[in-house]
1. Please go through the range 87-146 and pick out each residue that is touching a helix residue (DSSP H, G or I) at 6+ places or on another chain (Cβ under 9 Å) and open to solvent by 40 Å² or more (accessible area, probe 1.4 Å).
2. Quick one: which helices (runs of 4 or more DSSP H) sit completely within the range 148-209 and have at least 2 residues that are surrounded by fewer than 24 Cβ atoms within 10 Å (Cβ to Cβ), touching a strand residue (DSSP E or B) at 6+ places or on another chain (Cβ under 8 Å) and on the phi < 0 side of the Ramachandran plot?
3. Looking at the range 120-138, is at least one residue out of contact with any strand residue (DSSP E or B) (no Cβ under 7 Å at 6 or more places or on another chain) and either under 22 Å from V308 (Cβ atoms) or modelled with pLDDT under 95 (or both)?
4. Give me the pairs, please: first residue somewhere in the range 109-134 and farther than 19 Å from I275 by Cβ, second residue anywhere and crowded, with 20+ Cβ neighbours inside 10 Å and among the aromatic types (F, W, Y), beta-carbon distance under 6 Å, and either six or more positions apart or on two chains.
5. Yes or no: D220 charged (D, E, K, R) and open to solvent by less than 30 Å² (accessible area, probe 1.4 Å)?
6. Looking at the range 240-260, which of the residues that are in a loop (DSSP other than H, G, I, E, B) and touching a helix residue (DSSP H, G or I) at 6+ places or on another chain (Cβ under 6 Å) is farthest from L277 (Cα to Cα)?
7. Identify, please: which residue in the range 268-281 is more than 25 Å from R208 (Cα to Cα) and within 14 Å of the chain's Cα centre (by Cα) and is, among those, surrounded by the most Cβ atoms within 10 Å (Cβ to Cβ)?
8. Quick check on R313: is it at pLDDT below 95 and basic (K, R)?
Amino acid sequence: MAKRRSKRRGETAPARGTQARLGPWLITAGLLAAAALVAAAALVARSDHSTKRGDAAPLSVPDRFDEHRAFRFLRWQVRLGPRPAGSAAARRLAAKLRATVPAGRYEPVPGGLRNVIGTLPGRDPGHIVVVGAHYDTKNLPGFVGANDGASGTAVVLQLARTFRPRTLRPTLVFAFFDGEESPFGTPDDQFAKKGLRGSRVASRSLRRADAMVLVDLVGDGDLSLPREAGSSPRLWAALRTAAGRAGTARFFPPASQQEILDDHLPFRRAGVPAIDLIDFDFSCFHEACDDLSAVSPRSLDVVGETLVAFLSRL
């Protein structure tokens, strides 16, 4: 319903002659104003729709990372269903990863598991940076791990698609770890011993790396990525600087969260400086609600754009 407008206090009506001269102009101005209101209403409607969880407004940053393609791969993983280590679904995912990453290969992991490793040559072959994520999901009935598993895997795979050989100084090794989650029935206090199976193997084969970046639980629609307490302060400072260049600094607050046992731990123990990008304040952690309703393409974009800026300056 249109509201009836009234004159503001102190406003006087124009003389009759003036009204006659202004008549056509007022009609035109009224039509233009109406068109502007329609356009504004449409913009608001689009804005309201775009800020729903999982479909937030895009970032105002250089578009170097294709979050839509990354999110399509996230959805594809979820459609596979649960993907615990060693399962048929996990093996199908591993085959897809190996076929997609540059120079993709399998790396055997005890227990019949396998990491997927890809290598993108840099201008300095002696300078190696590992970018990793785990691709298995917790062995729980119906657990599809849209955030815990699929989001990190999707970001790392899209990074592998983004860069071209020898455009960066370091050689990038893209590592997809199998068996990050501990086997079914393992007590939580045995996670560090029974889990992290793929990253323990990879940390030995890649112990000469100069740095390691882990991407885990980065799809949360309410994304916030404070520094994980075990992450290298030097690398994290460089990451936050990159976030400033990418326009994503607000998602990387100047705070720390607790130390988290994750796939960067074996690399740290091998002497490789490492950081863990993880939003551990996630209400659906190891719950059935970790599905497509819990994740957002925009969060993948935040992490992807930040890592493009970070890796480009190493």
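1. Selection gives K96, T100, R105, Y106, P108, P110, G111, R114.
2. 197-205
3. Yes: one or more hits.
4. Listed pairs, sorted by first residue: N115/F177; V116/F176; G118/F174.
5. The answer is yes for D220.
6. Of everything passing the filter in the range 240-260, T248 is farthest from L277 (Cα to Cα).
7. Out of the qualifying residues, it is D279.
8. Yes: the conditions hold for R313.
The values are calculated or read from the model by the stated rules, or taken from the named source; none is laboratory data. Values in this document were obtained by computation on a predicted structure and should not be read as measured data. For neighbour counting, all protein chains shown are included, and Cβ atoms are generated from backbone atoms with ideal geometry for every residue, glycine included. These area figures cover heavy atoms from the full protein model, side chains too; ligands, DNA and RNA do not enter into them. Shrake-Rupley method; radii C 1.70, N 1.55, O 1.52, S 1.80 Å.
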